[in-house]
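The values are calculated or read from the model by the stated rules, or taken from the named source; none is laboratory data. Keep in mind that this is a model prediction, so the values were computed, not measured. Backbone-built Cβ (ideal geometry, glycine too); neighbour counts: all protein chains shown. The accessibility values were calculated without ligands, DNA or RNA, using every heavy atom of the protein model including side chains. Shrake-Rupley method; radii C 1.70, N 1.55, O 1.52, S 1.80 Å.
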Amino acid sequence: MLNYGAPGVYRRRIGEIEVIALSDGFLDVPFDVIRDIDSRDAGRILTAEFRPSPPRVAINAFALRTGGRVALIEAGAGTSMGPTLGRLSRNLEAAGIDPARVDAVLLTHMHPDHSNGLSDEKGNALFPNAELVVHDHDVAHWLDDGRMAQATERQRVRYFQAARVQLSRYRLRLRTFQGGEVFPGVTALPIPGHTPGHTAFLIASGGETLLIWGDTVHVPELQVAHPEITMSFDSDPQAAAKMRHYLFDMAVSDRLLVGGMHLHFPGFAHLAREGTGYRLVGEPWILGQ
Ligand SMILES: [Zn+2]
């Protein structure tokens, strides 16, 4: 476990709901997972943006407190993806959130950096009293033996088996959805593509709104200006790109604050249109909230 110094915890409010951004750490990802752009072009963009190349991807989760209830959106990677990740449990502690008091864990989708942190290596559920709330199509996809048989060995182990392990540990507390309100003030907005059940969550309270868009963007410097850039681990890359355009348009038209699992911590930003693409405007820290 690397020592990062200050905890990755950042609080803001959306109306009556307290939203706490929590860092799980970061991951350096190789260029070969990035599709639809030449690695040299991608490297040039990252260098021009003063970012490491190949890209360093932030992994964030968000906790919500409302009306005495606590939800966590994503569970991080746990110990499954190396020493630069797995910070979520320490950051929850720093934020004063007891995992046993988490009422629901909402997942935007089941991928190792989002769901492996649901339990420890010994098989203990780390959120012993929480419902696990996931889109129906993600659960069906990862439990589909036919699809698993067609997957590559890497996909079988890294995605299908890992998701099955977590689902088995929460099977008595699993709640699937197809849309609608999934937690007080939180509406699920399915955006299938990155995975079949990939879902954004719209958080609304007191006239304020936050769109937590999951993995709509993995590498902001590349995919915001060029939404057509996809990832090798998108289940359906074309649909993922289409949903990215759709959410970008929505964020611009409605001037929405967005929260991203892979936007640089704490992961809050607005989106503006620029040329044929878009531009991300990070929300400054310290808002007096
Ligand atoms: Zn992810």
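List of remarks:
- Helix-only CD estimate at 222 nm, as mean residue ellipticity for the chain, using -39500 (n - 2.57) per DSSP H run (n ≥ 4): -6000 deg cm²/dmol
- Net charge over other residues, Cβ less than 14 angstrom from the Cβ of VAL9 (K, R count +1; D, E count -1): +2
- Cut-off 18 Å (backbone N to label point 7 Å along Cα→Cβ of ARG279), residues of region 202-243: 220-227
- Put simply, when 231-244, 45-58 are sorted by average Cβ atoms within 10 angstrom per residue, most first, you get 231-244, 45-58.
- Longest to shortest principal axis, alpha-carbon extents of region 127-219, angstrom: 47, 33, 21
- Inverse mean reciprocal Cα-Cα distance (Kirkwood Rh) of region 115-162, Å: 12.1
- Averaging the sequence gap over all C-alpha pairs within less than 8 Å and six or more residues apart, then dividing by the number of residues, gives region 1-151 a relative contact order of 21 percent.
- Kirkwood-Stokes translational diffusion coefficient of region 14-68, alpha-carbon pairs, 37 °C, 0.692 mPa s, µm²/s: 241
- Farthest positive-ward along the chain dipole, Cα basis, beta-carbon charges - from PRO237, THR66, ILE191: THR66
- Taken over region 157-289, the convex hull of the Cα atoms encloses 134 Å³ per residue.
- Portion, in percent, of the accessible area of the chain that falls on carbon or sulfur, probe 1.4 Å: 51
- Estimated FRET transfer efficiency when R0 is 41 angstrom, pair ASP38-VAL165 (beta carbons, to 0.05): 0.65
- Calculated FRET efficiency for the pair SER253/GLN150, C-beta based, R₀ 41 Å, to 0.05: 0.60
- Ratio of Rg to Rh for region 58-175: 0.97 [Cα atoms; Kirkwood radius as inverse mean 1/r over pairs].
- Extension gain for the segment THR176 to ALA204, taken as residue separation times 0.36 nm less the Cα-Cα distance, is 8.0 nm to one decimal.
- Residue among VAL182, LEU222, MET148 farthest towards the positive dipole end of region 127-228, charges placed on Cβ: MET148
- With all projection directions averaged, the alpha carbon convex hull of region 1-140 covers 10.5 nm².
- Packing rank of 149-159, 166-176, where each peptide gets the mean count of other beta carbons within 10 Å, highest leading: 166-176, 149-159
- By DSSP, the beta bridges lying fully in the chain are antiparallel in about 80 percent of cases.
- Quotient of C-alpha Rg and 2.2 N^0.38 Å, computed over the chain: 0.93
- Region 1-63, dipole about Cα centre (Lys/Arg Cβ +1, Asp/Glu Cβ -1), debye to the nearest 20: 200
- Gaussian network model of the chain, springs between alpha carbon atoms under 10 Å - residue of ASN60, ASN116, ASN91 with greatest fluctuation: ASN91
- The residues of region 1-147 have, on average, 43 Å² of accessible surface per residue, using a 1.4 Å probe with all protein chains present.
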